[in-house]
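Visitor: This is the structure I have questions about; it appears just below.
The values are calculated or read from the model by the stated rules, or taken from the named source; none is laboratory data. Predicted model only: the values in this text are computed from it and were never measured. Cβ coordinates were reconstructed from backbone atoms using ideal geometry, including for glycine residues, and neighbour counts include every protein chain displayed.
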Amino acid sequence: MFELIGIPPQALFGQLLLGLINGSFYAILSLGLAVIFGLLNIINFTHGAQYMMGAFIAWMLLNWVGIGYWPSLLLAPIVAGISGVIIERLFLQRLYHLDHLYGLLLTFGLALIIQGLFRNYFGSSGLPYQIPAELRGGQNLGFMFLPNYRGWVVVASLVVCLATWFVIEKTRLGAYLRAATENPTLTQAFGINVPLLITLTYGFGVGLAAFAGVLAAPVYSVNPNMGADLIIVVFAVVVIGGMGSILGAIVTGFGLGIIEGLTKVFYPEASATVIFIIMAIVLLVKPAGLFGRTA
Amino acid sequence: MAEALDMTRPAATTPMLEVRDLNAWYGESHVLHGVNLDVAEGEVITLLGRNGAGKTTTLKSIIGIIGKRTGSIRFQGEETVAMSSRAIARLGIGYVPEERGIFSSLSVEENLMLPPQVRPGGMSVEQIFELFPNIKERLTSQGTKLSGGEQQMLAIARILRTGAKFLLLDEPTEGLAPVIIEQIGRTISRLKSEGFTIILVEQNFRFAQTVADRHYLVEQGRVVDMIPNAELDRNIDKLHAHLGV
């Protein structure tokens, strides 16, 4: 069948896998953005820098302290999350009563500062990060070769996304978050500590970005600009999925990764722009996004 | 204001809630101009008045969700005028907002379980189901899919779980059918008999008369009169003049 349309199956599945990998990162990152936007009403432009920080923290843990990949997968998000908590307490909490634009400017400025600091210290040529020994090699699936690490990225990202969805949609804590998102004043008037929820949510969103950064470290090189390149696409993903929708962010993230991969097979010239074309169409047809609720 | 203070003299015991010279603002607009009122433990009092008189704002000030407020609000002797709404709720005050405040992103069950326990001795879920059987049948529905009456029951029910014994009910009968209003009236009477203290904001003084001990008339951000329930019929002309009904 594949020969019929002149595409060898290796190329098709190879690009499909690549699309899934990219989709994994889109999904985790847009999920973090959606969670943060939902509760804080802040468009977190620092997200790409925080993803990059995750990769760098893993690199520093390995090269400076000798802590390997697996502990880093937990430690880097925690360290980045704490930096997020500090940012929220110091800066963001002063902006909630103002227009979105102020939060956007502040987080954009922070992103530039963080990226500048890392570029200044580490240069911009990129640092290598080895795939952990357990995940080297790959599987021959007959129709294609699947590198173990890439398979792991997809699985890990799916698990983290679904776990996040579960916590938000199915637990008591999640009910607090949804209530505080919908009506913070009333939620607070029930005796729930909304400011604490907001701080922890930002920390968690940043932690998600850093987790994606650690996952990405062995795939792409660890580079101060790695987040800046990615975040533009991720924002398009968030716009397509609908700001603030949890499930929307996950589904759109994976879906657009796959679409991007398929475009590389069938019409490579459009692969870099296809997501933005879809974004334009969605904005025209359904401005709140595919999964967004109109206010 | 001396005259106003006279009217608000509590029955016999020291009041559970004591509001003195309460001023409140929405942004730049000055809405309450020195509200004085007292509520004794176990009492049901109403705030009667026209739209925009300041009844809802008074409740919001007591629970602490009005940004700027001055004067004094003492709850069980503790000054709360500068406290956050979270801390005020934790003292044991339950708030049922106008329009009920049911969360659409939460199921009925999640709405019911949302407010944390603030005092021991709140109603168990079983007792709540016994009081409001409709809620039990709709637990998995989206909160706002309930009928208006059911949403009102849910808004009251979720507060009863928390152990708060002092309730602020903002127009619980608004827009509801007479049968439902009757049911809410019975619920309020039952809560009173169980020792709850309630401030009720009402436009419907016929309803208020069936449940309350005393009535405060609110006009232009002030309490202008206090009428014990027994004297309500004798003051009916005054009431008409104030409420414009």
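Visitor: Return the residues of region A:129-151 that are under 20 Å from the mean Cα position of the chain (by Cα) and touching a residue at least 60 places away in the same chain (Cβ under 8 Å); say none if nothing qualifies.
Guide: Going through region A:129-151, the residues under 20 Å from the mean Cα position of the chain (by Cα) turn out to be A:129, A:149-151.
The answer is A:Tyr129, A:Tyr149, A:Arg150.
Visitor: Of all residues in region A:169-198, how many are of a type in the set (Asp, Glu) and either under 19 Å from A:His97 (Cα atoms) or at the interface with chain B (Cβ under 7 Å from one of its Cβ atoms) (or both)?
Guide: So in region A:169-198, the residues of a type in the set (Asp, Glu) come out as A:169, A:182.
Checking the rest, the ones that are also either under 19 Å from A:His97 (Cα atoms) or at the interface with chain B (Cβ under 7 Å from one of its Cβ atoms) (or both) come to A:182.
Residues in region A:169-198 being of a type in the set (Asp, Glu) and either under 19 Å from A:His97 (Cα atoms) or at the interface with chain B (Cβ under 7 Å from one of its Cβ atoms) (or both): 1 in total.
Visitor: Please give the helices (runs of 4 or more DSSP H) falling wholly within region B:149-245 in which 1 or more residues are touching a Pro at 6+ places or on another chain (Cβ under 9 Å) and in contact (Cβ under 8 Å) with a residue 60 or more places away in the chain. It would help to see each step written out before you state the result.
Guide: Values: elements: B:178-193, B:205-211, B:236-243.
Because the criterion is at least 1 residues that are touching a Pro at 6+ places or on another chain (Cβ under 9 Å) and in contact (Cβ under 8 Å) with a residue 60 or more places away in the chain, the helices (runs of 4 or more DSSP H) in region B:149-245 that meet it are B:178-193.
Visitor: Can I ask one more? Look through region B:114-140, keep the residues that are within 11 Å of chain A (Cβ to nearest Cβ) and surrounded by fewer than 16 Cβ atoms within 10 Å (Cβ to Cβ), and return whichever of them is farthest from B:Leu191 (Cα to Cα). Full working, then the answer.
Guide: In the first step, residues of region B:114-140 are kept if they are within 11 Å of chain A (Cβ to nearest Cβ); the result is B:114-119.
Now restrict to residues that are surrounded by fewer than 16 Cβ atoms within 10 Å (Cβ to Cβ): B:117, B:119.
Working: B:Gln117: 18, B:Arg119: 16 Å.
Here the residue is B:Gln117.
Visitor: State yes or no: is A:Gly116 within 24 Å of the chain's Cα centre (by Cα), of a type in the set (Gly, Ala, Ser), farther than 24 Å from A:Asn22 by Cβ and at pLDDT 95 or above?
Guide: Numbers: within 24 Å of the chain's Cα centre (by Cα): yes; of a type in the set (Gly, Ala, Ser): yes; farther than 24 Å from A:Asn22 by Cβ: yes; at pLDDT 95 or above: yes.
Spelling it out, A:Gly116 is indeed within 24 Å of the chain's Cα centre (by Cα), of a type in the set (Gly, Ala, Ser), farther than 24 Å from A:Asn22 by Cβ and at pLDDT 95 or above.
Visitor: Additional query: Can you tell me which residue among A:Ala133, A:Ala156 is of a type outside the set (Lys, Arg) and modelled with pLDDT of 95 or more?
Guide: Values: A:Ala133 fails: modelled with pLDDT of 95 or more.
Among A:Ala133, A:Ala156, only A:Ala156 is of a type outside the set (Lys, Arg) and modelled with pLDDT of 95 or more.
Visitor: So A:Cys161 clears everything in (1) surrounded by fewer than 18 Cβ atoms within 10 Å (Cβ to Cβ); (2) away from chain B (no Cβ under 14 Å); (3) out of contact with any Ser or Thr (no Cβ under 8 Å at 6 or more places or on another chain) except one condition, right? Which one?
Guide: Of the numbered conditions (1) surrounded by fewer than 18 Cβ atoms within 10 Å (Cβ to Cβ); (2) away from chain B (no Cβ under 14 Å); (3) out of contact with any Ser or Thr (no Cβ under 8 Å at 6 or more places or on another chain), the odd one out for A:Cys161 is (1).
Visitor: Look at region B:19-74 and say how many of its residues are away from every other protein chain (no Cβ under 14 Å), assigned to a loop (DSSP other than H, G, I, E, B) and out of contact with any strand residue (DSSP E or B) (no Cβ under 7 Å at 6 or more places or on another chain).
Guide: Count: 5.
Visitor: Looking only at region B:75-112, how many residues end up being outside any loop (DSSP other than H, G, I, E, B) and either of a type in the set (S, T, N, Q) or out of contact with any Lys or Arg (no Cβ under 7 Å at 6 or more places or on another chain) (or both)?
Guide: Summing the residues that are outside any loop (DSSP other than H, G, I, E, B) and either of a type in the set (S, T, N, Q) or out of contact with any Lys or Arg (no Cβ under 7 Å at 6 or more places or on another chain) (or both) in region B:75-112 gives 17.
Table: residues versus (1) within 14 Å of chain B (Cβ to nearest Cβ); (2) touching a helix residue (DSSP H, G or I) at 6+ places or on another chain (Cβ under 6 Å); (3) modelled with pLDDT of 95 or more.
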{"residue": "A:Ala209", "(1), (2), (3)": "no, yes, yes"}
{"residue": "A:Leu215", "(1), (2), (3)": "no, yes, yes"}
{"residue": "A:Asn225", "(1), (2), (3)": "no, no, no"}
{"residue": "A:Val239", "(1), (2), (3)": "no, yes, no"}
{"residue": "A:Phe254", "(1), (2), (3)": "no, yes, yes"}
{"residue": "A:Glu269", "(1), (2), (3)": "no, no, no"}
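Visitor: Within region A:271-295, take every residue that is hydroxyl-bearing (Ser, Thr, Tyr) and modelled with pLDDT under 90 and give me the one that is surrounded by the most Cβ atoms within 10 Å (Cβ to Cβ). Step through it out loud before you land on a result.
Guide: Within region A:271-295, the first condition is being hydroxyl-bearing (Ser, Thr, Tyr), and the residues that meet it are A:271, A:273, A:294.
Of the ones still in play, those that are also modelled with pLDDT under 90 are A:271, A:294.
Values: A:Ser271: 18, A:Thr294: 8.
Out of the qualifying residues, it is A:Ser271.
Visitor: For the subset of region B:75-91 comprising residues that are polar (S, T, N, Q) and closer than 17 Å to A:Ala189 by Cβ, which member is farthest from the other protein chains (Cβ to nearest Cβ)? Lay out the reasoning, then the answer.
Guide: If we filter region B:75-91 for residues that are polar (S, T, N, Q), which is where we start, we get B:76, B:80, B:84-85.
With closer than 17 Å to A:Ala189 by Cβ added as a condition, the list becomes B:80, B:84-85.
Working: B:Thr80: 13, B:Ser84: 7, B:Ser85: 4 Å.
Among those that are polar (S, T, N, Q) and closer than 17 Å to A:Ala189 by Cβ, it is B:Thr80.
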